[in-house]
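Report on the following structure.
The values are calculated or read from the model by the stated rules, or taken from the named source; none is laboratory data. All values derive from a computational prediction rather than experimental measurement. Cβ placement follows ideal geometry from the backbone for every residue including glycine, while neighbour counts extend to all protein chains displayed.
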Amino acid sequence: MNNQYIYLIFTKTGTWLSRLIGVFSNIKYAHASISFDNSFTRMYSFGRTNPDNPFSGGFVEENLYEGVYKRSASCECMIYRIEVTAEQYSTLQQLIEQFAACKEQLRYNFLGLFGALFNKPLGRKNYYFCSQFVSEVLMKSNIFRYDKSPELIKTDELYDIENKEIIYEGFLMKKNPTTLLHAFEG
């Protein structure tokens, strides 16, 4: 069996939404993204489609060294490496490609954040928040099992994923991309 790795990236950017989520939920890392490689230059999530506009949200391809992450000198992150089967990896890639293909129809689920906070699902077609998206694609790929629907899953609940290995936790600005890439190699 030829296993592969995926990466979950949890961040605390210091944006007003990140701070608001932290205040109401006591979650340190308010944002979750997923990546297929350890360069962290192609991560997938739901967030700002325009780093300058906090109200423009949808499906995004992120780079850990650009946009909102680069602008926040106090940005902290935690990165998990998760071993998956080739079948799980392929299914996950296909699901994310489907999201990318229809990204113009997808929006950020601001209302869903409040639903998750109060344990009342507010799922709407084509609307997602970051942990809802990450948990849904992981569940559909048989990588993550949880007793809640994706509309109710908060970022800290993704910490319960199996086969994880924490490869980095700390401030982004203290690491340049090359150093971060090699932080867990040895």
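Among residues of the stretch 146-166 that are touching a residue at least 40 places away in the same chain (Cβ under 8 Å) and of a type in the set (Lys, Arg), those with a Cβ under 6 angstrom from a residue that is in a helix (DSSP H, G or I) and crowded, with 16+ Cβ neighbours inside 10 Å, sequence gap 6+ or separate chain, pair up as Lys154/Ala116; Lys154/Ser131. Set side by side, the residues Ile79, Ile96, Ile143 differ, and just one is under 17 Å from the mean Cα position of the chain (by Cα), part of a strand (DSSP E or B) and not charged (D, E, K, R), which is Ile79. What number of residues in the stretch 15-68 are part of a helix (DSSP H, G or I) and either at pLDDT 75 or above or surrounded by 15 or more Cβ atoms within 10 Å (Cβ to Cβ) (or both)? Matching residues across the stretch 15-68 total 7. Each residue in the stretch 67-104 was checked for being more than 17 Å from Gln4 (Cα to Cα) and either of a type in the set (Gly, Ala, Ser) or touching a Pro at 6+ places or on another chain (Cβ under 8 Å) (or both), and 8 pass. If you go through the stretch 99-134 and pick out every residue that is β-branched (Val, Ile, Thr) and over 16 Å from the mean Cα position of the chain (by Cα), you end up with 0.
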